[in-house]
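In what follows, a single structure is set out as structure tokens and then discussed.
Here, each number is a calculation from the coordinates, and none is a lab measurement. Given the structure is predicted, the values throughout are model-derived calculations rather than measurements. FYI the Cβ positions are ideal-geometry reconstructions off the backbone, even for glycines, and counts take in every protein chain you see.
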Amino acid sequence: MDYKGNILAISGSLRSGSSNHNILRFLGGLTPADINYFIYDKLADIPPFDPGLDHEHPPTAVAELRELIKNVSGIIICTPEYAFGVPGQLKNTLDWMVSSGSLVDKPVALVTASSVGSHAHAALLLILGALSAKVIDGATLLIPFIRSKIDGNGNITDQKTEKMLRDVIDVFLKEI
Ligand SMILES: Cc1cc2nc3c(=O)[nH]c(=O)nc-3n(C[C@H](O)[C@H](O)[C@H](O)COP(=O)(O)O)c2cc1C
């Protein structure tokens, strides 16, 4: 499969009905038809990071994700903050991507949608820097008070937020 022009979207929340997942769906709806935009649904399958298993033949789910990332032209991460930090499973997954260099120079957009979210957002920018990802200027967005900006059906109800998300995807699409 030719993944050129493909975008991998990763939600830091595993919750069914997650606001972050719904934001990724919204962003997917804004991408042109010739771009294959897909939301990663295997985050829960990534095992705990073990440096002893972190080699050319890691656990299957890790190997598959590394291969997926290798073949996409950009990644969008959308995540909440938990306990003033990055959700554990997202951080765990990113830890598996360090030695493989999977994110080196990979265009990344980052949206943190949470009650507050500033700690996770700042931490993720540092982490993505450590991974040498190409975090796109203008494609990072912190959305506080997310639960008041999205309805029960996952629709974004706050116009300013919707506009900012449109700007994020516009900038990102120009970079990939
Ligand atoms: C265990 C837990 C810890 C949380 N800690 C924080 C926090 O430190 N900062 C924050 O902004 N929101 C925090 N929240 C609230 C989440 O940001 C909020 O529930 C958000 O909507 C979750 O994203 P989701 O709808 O995509 O699942 C926490 C939620 C949970 C379940």
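Note: relative contact order over the chain, using C-alpha pairs below 8 Å and six or more positions apart, is 24 percent. Counting only DSSP beta bridges whose two residues both lie in the range 6-175, roughly 10 percent are antiparallel.
Counting only Cβ charges, +1 for Lys and Arg and -1 for Asp and Glu, the dipole size of the chain around its Cα centre is about 420 debye.
The lysines whose alpha-carbon is closer than 24 Å to the alpha-carbon of LYS174, local same-chain residues fewer than 8 away aside, are LYS4, LYS70, LYS106, LYS134, LYS160, LYS163. Of ILE69, PRO51, TYR40, which is farthest on the positive side of the dipole of the chain, counting Cα position, with +1 on Lys and Arg Cβ, -1 on Asp and Glu Cβ, and the Cα centre as origin? Toward the positive end, the furthest listed residue is TYR40. Taking 7 Å steps out from each Cα toward its Cβ at SER132 and ASP34 produces label points 3.1 nm apart.
Under a 5 Å amide H cut-off, with hydrogens placed 1.01 Å from N, THR112 pairs with THR79, LEU141, LEU142, ILE143 among residues at least 5 apart or on other chains. Among the GluC sites (Glu not before Pro) in the range 1-96, those located in a DSSP loop and surrounded by at most 12 other Cβ atoms within 10 Å of their own Cβ are GLU56. Straight distance only, please: which aspartates and glutamates reach the Cα of LYS91 with their own Cα at less than 14 Å, same-chain residues fewer than 8 apart left out? Partners found: ASP45, ASP50, GLU81.
With neighbour counts taken as other beta-carbon atoms within 10 Å, the residues VAL62, VAL116, VAL108 rank, fewest first, as VAL116, VAL62, VAL108.
For trypsin sites (Lys or Arg not before Pro), the sites in the range 14-121 that DSSP calls loop and that have at most 16 other Cβ atoms within 10 Å are ARG15, LYS42.
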